[in-house]
1. For region 268-290, what are the residues that are among the small types (G, A, S) and surrounded by 10 or more Cβ atoms within 10 Å (Cβ to Cβ)?
2. If you scan region 346-364, which residues turn out to be surrounded by fewer than 21 Cβ atoms within 10 Å (Cβ to Cβ), within 16 Å of the ligand (Cβ to nearest atom) and more than 21 Å from F225 (Cβ to Cβ)?
3. If G313 satisfies every condition in (1) closer than 17 Å to H170 by Cβ; (2) surrounded by 15 or more Cβ atoms within 10 Å (Cβ to Cβ) but one, which is the exception?
4. Answer with yes or no whether A106 is at pLDDT 95 or above, buried (at least 16 other Cβ atoms within 10 Å of the Cβ) and within 24 Å of the chain's Cα centre (by Cα).
5. Under 9 Å between Cβ atoms, at least 6 apart or on separate chains: pull out the pairs that start in region 242-271 with a residue that is among the small types (G, A, S) and end on any residue that is within 16 Å of the ligand (Cβ to nearest atom) and assigned to a helix (DSSP H, G or I).
6. Would you confirm whether any residue within region 177-191 is within 16 Å of the ligand (Cβ to nearest atom) and either in a loop (DSSP other than H, G, I, E, B) or surrounded by fewer than 17 Cβ atoms within 10 Å (Cβ to Cβ) (or both)?
7. Going by the structure shown, is F342 of a type in the set (F, W, Y), assigned to a strand (DSSP E or B) and either within 13 Å of the ligand (Cβ to nearest atom) or touching a residue at least 24 places away in the same chain (Cβ under 8 Å) (or both)?
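The values are calculated or read from the model by the stated rules, or taken from the named source; none is laboratory data. Since the model is a prediction, treat every value here as computed from it, not as a measurement. Neighbour counts run over all protein chains shown; Cβ positions are idealised from the backbone, glycine included.
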Amino acid sequence: MNEDFLPIQGTDHIEFYVGNAKQAAAYYQHAFGFQQIAYAGPETGVRDRASYVLKQGKVVFVLTSALRPDSPIAEHVHLHGDGVKVLALTVADAEAAFRETTTRGAEPVAEPKRLKDEHGEVVTSSIKTYGDTVHTFVERRDYSGAFLPGYHPVTPEVSVTPVGFKYVDHCVGNVYLGEMNRWVEFYEKVMGFRLLVTFDDKDISTEYSALMSKVVSNGNGYIKFPINEPAEGKRKSQIEEYLEFYNGPGVQHIALATDDIVKTVSELRKRGVGFLHVPEAYYDDIPDRVGDIDEPLDPLRKLNILIDRDDEGYLLQIFTRPVTDRPTVFYEIIQRKGATSFGKGNFKALFEAIEREQALRGNL
Ligand code: FE2
């Protein structure tokens, strides 16, 4: 087997461009239980933007807003609404990551640069992926600051209670019809990922619409990127709805892992986070389909948590409604009990749930 030319240590952070980062930060603190750890903006000498850095477990979100109308951040929000701009990956060598990927055809966004402050040094570089989304490689050379040089640590003024998010399990991208294979090839050739699994429109279809999906993963399996494209159906698929409202390809959902999904989802519901609803009948064949599980079925049913089994174990999962006004970005909460798959057994129930909501929006 070839040597991994792009060793990745994990998801470093995910940066969102949003209309009002101050208020988005409050939502992620109060509803999702993230703690603010750092800030950059006019008060710290940054003139064109404000960025709030939030953390829970290993999950780090950066929420960034433009301060001026001619900013590329404002343009991004104008086009896409609030959405993911940067999927940042922690690497041992950001210069090598840039060189290896750009010589294999990646489109450069930012050349390697050294960022320094009294807490040490970080090297970053960036390349383009689907749509206006970017991968930033982050090399942390024993950096001991709150986030990155330029960001000031924040002493939290509000106390937040975490809901149990541990790490980013996977990040899903939506691309146009006919482009999925091109992006799978990009991850294979340019980033050294491998194809993990393919779902065709027979796996993922309802009476009305269909989609296709391929999952790529890096060498050590820490990073998993499913890529979806719409497939022909009788009505508009959820992927087409996303592409229309996001105005192009982009990140559709981020799956956050928890060790106790019942506790996590109970908390999130209490704090007002909305989830997709799957009908009661979904649970009728669960004992036959998934067999014995550690959790009592009743709380899972009450919280509307879905269950699926593969050869290696089972998983528990649930999907939020979009967290923006545009029907675009949403979250998956996932607890893996051995299973390494993505809940294929739940696709039909889920997509029907999404379509009921699409219909309410007048987009089916
Ligand atoms: Fe997912």
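1. Scanning region 268-290 gives a single hit, G274.
2. Hits for region 346-364 are K348, A349.
3. (2)
4. Criteria met by A106.
5. G250/Y242
6. No: region 177-191 contains no residue that is within 16 Å of the ligand (Cβ to nearest atom) and either in a loop (DSSP other than H, G, I, E, B) or surrounded by fewer than 17 Cβ atoms within 10 Å (Cβ to Cβ) (or both).
7. It is false that F342 is of a type in the set (F, W, Y), assigned to a strand (DSSP E or B) and either within 13 Å of the ligand (Cβ to nearest atom) or touching a residue at least 24 places away in the same chain (Cβ under 8 Å) (or both).
Table: residues versus (1) part of a helix (DSSP H, G or I); (2) under 22 Å from the mean Cα position of the chain (by Cα); (3) without any contact (Cβ under 8 Å) to a residue 12 or more places away in the chain.
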position: V77; (1), (2), (3): yes, yes, no
position: V86; (1), (2), (3): no, yes, no
position: E95; (1), (2), (3): yes, no, no
position: R99; (1), (2), (3): yes, no, yes
